[in-house]
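Let me begin by presenting the structure, written as structure tokens, before commenting on it.
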Amino acid sequence: MTASAPGLSSGAVQHPSRDAVERVFKQERGRILATLIRILGDIDLGEEALAAALEAAVVQWPEEGTPANPRAWLIRAARNKAVDQMRRRALFEDKRAEMEADAALERDEPEIDEVAVRDDQLRLIFTCCHPALAVEAQVALTLRTLCGLETEEIARAFLVPAPTMAQRLVRAKAKIKQARIPYRVPDAEDLPERLDAVLAVVYLVFNEGYAASSGAALIRRELCAEAIRLGRLLVELLPGESEARALLALMLLTDARRDARVDAAGEMVLLEDQDRARWDREEIREGLALVEAALRAGPPGAYALQAAIAGVHARAARAEETDWREIAALYAVLRTANPSGVVALNHAAAVAMAEGPAAGLRLMDALGADGSLAGYHLLPAARADLLRRLGRLAEAAAAYREALALVGNETDRRFLERRLAQVSPARA
Amino acid sequence: MQYLLLIYDNEAEMAANRSGATDVMMKDYREFTDSIVKSGNMKAGDALQPTSTATCVRIRNGKTLTTDGPFAETKEQLGGYYLIEAKDLDEATKIAARVPSAKSGTIEVRPVRVFAG
């Protein structure tokens, strides 16, 4: 790039520091990359070109001033770098590369406006979350290309070695290219199914970040923030999709409880014991408004029902004021819409709160008998809790032990151990 | 771009032809083939003799080893293929979903590799 770069601001020219350039870059990266991938038709080419554009910006902006439209400047610079590179390759290699370079030039539009950039991001989300890619690959690609997380950060978040994550990304990008997975928003006929896949990836990212786990606390927090950011983007891009709105609501209402769910010692605090003053009022306010909008839109989907349940909790100023009948009713609908063992277990727990532990226990015993939750520690843990409330302490202790044999997470393990000690006869 | 649709199905079931199911499928295949010829997606396609007729050939230490049977013993066997032209994977998988055996077996969609130059 030279001084002929477009959009140099007139008048008072800002001469940013290198750090400032990098901050702008980090902010714009996801949006710019989406557009570059569309223009160049390839994720790797887009990433390389973007890195080259950053190098140019770091040199030029502090000298010449920040361009009036930094995003357009970066896209233009990156595109030119990519076309240069394709032309060089064409000189040495083959005719096809030259044709690709020409095609990329033709695909360039003079104006890159806000609407075009958003459409590019939407296209890229659907590519990253394409069902022909493995779910882990969908998650990794989304975080890398749309959220701009480094491969190492994604690896740390999912507790896999960095080379494994790098390999996962390389394979996924190669499949997109070689099998020609398109960069396209699916047509109306396919949209519901494809949107489900996108929402599932976003929710998976959120849950991965929300699951209490020792160690990489910071990156986990970032995962939640990125999932919420993606959720907002989807609501903005697909305003007619009430499940996208509902998912955003669900994430906000869950995230609102983040600070209250772990105590100073890092131990898990149950919903009923949480200090509700520490819930994020702003997230709750926004989440509740979104749930209402989603519920008004028609028959509620699975996310709307879950968000509605989170909303009932959020509305209760104290745990004792929770409307458990409403929650049990919502879970009953969710159970029909989305039959799963976990939902059935939550339904049973809500019924226990609304109608008493005995009623909940009957449902849980039925669940245990059908075997759909075999190996899942929360079933014996929830049973143990009801047995404890019914004063059947020996049976409760046995169920806590059963849960402890299955639990994987350390925080959950310590919680179960404390409860087991409570129901065990005190030792002299 | 070309894709190979590999048709895997349970050949024992097909051979049994319970209540004429295989005859119905043959008719469905004729209709499907006609439709992709008409739409211009069809490049080639064949049904294969059962895996009992398969022979595998390998060269190890310079010696040719010839063995009876398919490459892998699986519940579903490769029974035929279509070579199609499609603009991207979405179009290819849509066509694959219309292959009659998709209802009982599995259709593997593989992009055909193009060598540069």
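The values are calculated or read from the model by the stated rules, or taken from the named source; none is laboratory data. Everything numeric here is computed off the predicted structure, so don't read it as measured data. In this analysis, Cβ positions are derived from the backbone assuming ideal geometry, glycine residues included, and neighbour counts consider all displayed protein chains. Calculation scope for accessible area: heavy atoms of the full protein, side chains included, ligands and nucleic acids excluded. Shrake-Rupley method; radii C 1.70, N 1.55, O 1.52, S 1.80 Å.
Tabulated values for the structure
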| read-out | value |
| --- | --- |
| Given (1) in contact with an Asp or Glu (Cβ under 6 Å, 6 or more places away or on another chain); (2) open to solvent by less than 40 Å² (accessible area, probe 1.4 Å); (3) at pLDDT below 95, number of the condition residue B:6 does not satisfy | (3) |
| Residues located in segment B:94-113, provided they are within 10 Å of another protein chain (Cβ to nearest Cβ), open to solvent by 60 Å² or more (accessible area, probe 1.4 Å) and in contact (Cβ under 8 Å) with a residue 12 or more places away in the chain | B:110 |
| Residue within segment A:303-322 that is within 25 Å of residue A:419 (Cα to Cα), among the hydrophobic types (A, V, I, L, M, F, W, C) and either in contact with a Lys or Arg (Cβ under 7 Å, 6 or more places away or on another chain) or surrounded by fewer than 16 Cβ atoms within 10 Å (Cβ to Cβ) (or both) present | yes |
| Considering residues of segment B:9-39 that are of a type in the set (S, T, N, Q) and without any contact (Cβ under 8 Å) to a residue 12 or more places away in the chain only, the residue surrounded by the fewest Cβ atoms within 10 Å (Cβ to Cβ) | B:19 |
| Search result, residues across segment A:263-281 that are in a helix (DSSP H, G or I) and either open to solvent by less than 30 Å² (accessible area, probe 1.4 Å) or touching a helix residue (DSSP H, G or I) at 6+ places or on another chain (Cβ under 9 Å) (or both) | A:271, A:272, A:273, A:276, A:277, A:278 |
| Those strands (runs of 3 or more DSSP E) lying entirely in segment B:40-85 with at least 3 residues open to solvent by 80 Å² or more (accessible area, probe 1.4 Å) | B:42-47, B:55-60, B:63-68 |
| Any hit, segment A:337-350, residues being more than 27 Å from the chain's Cα centre (by Cα) and not in a loop (DSSP other than H, G, I, E, B) | yes |
| Of all residues in segment B:68-90 being in contact with a strand residue (DSSP E or B) (Cβ under 9 Å, 6 or more places away or on another chain) and within 28 Å of residue A:127 (Cα to Cα), the one that is nearest to the other protein chains (Cβ to nearest Cβ) | B:89 |
| Residue check for residue B:31: modelled with pLDDT under 95, farther than 19 Å from residue A:178 by Cβ and either away from chain A (no Cβ under 14 Å) or part of a strand (DSSP E or B) (or both) | no |
| Of all residues making up segment A:323-366, the number that are closer than 18 Å to residue A:389 by Cβ and either of a type in the set (A, V, I, L, M) or touching a Lys or Arg at 6+ places or on another chain (Cβ under 8 Å) (or both) | 18 |
| Residue match in segment A:413-421 (condition: closer than 30 Å to residue A:196 by Cα, out of contact with any strand residue (DSSP E or B) (no Cβ under 9 Å at 6 or more places or on another chain) and either of a type in the set (Phe, Trp, Tyr) or open to solvent by less than 50 Å² (accessible area, probe 1.4 Å) (or both)) | no |
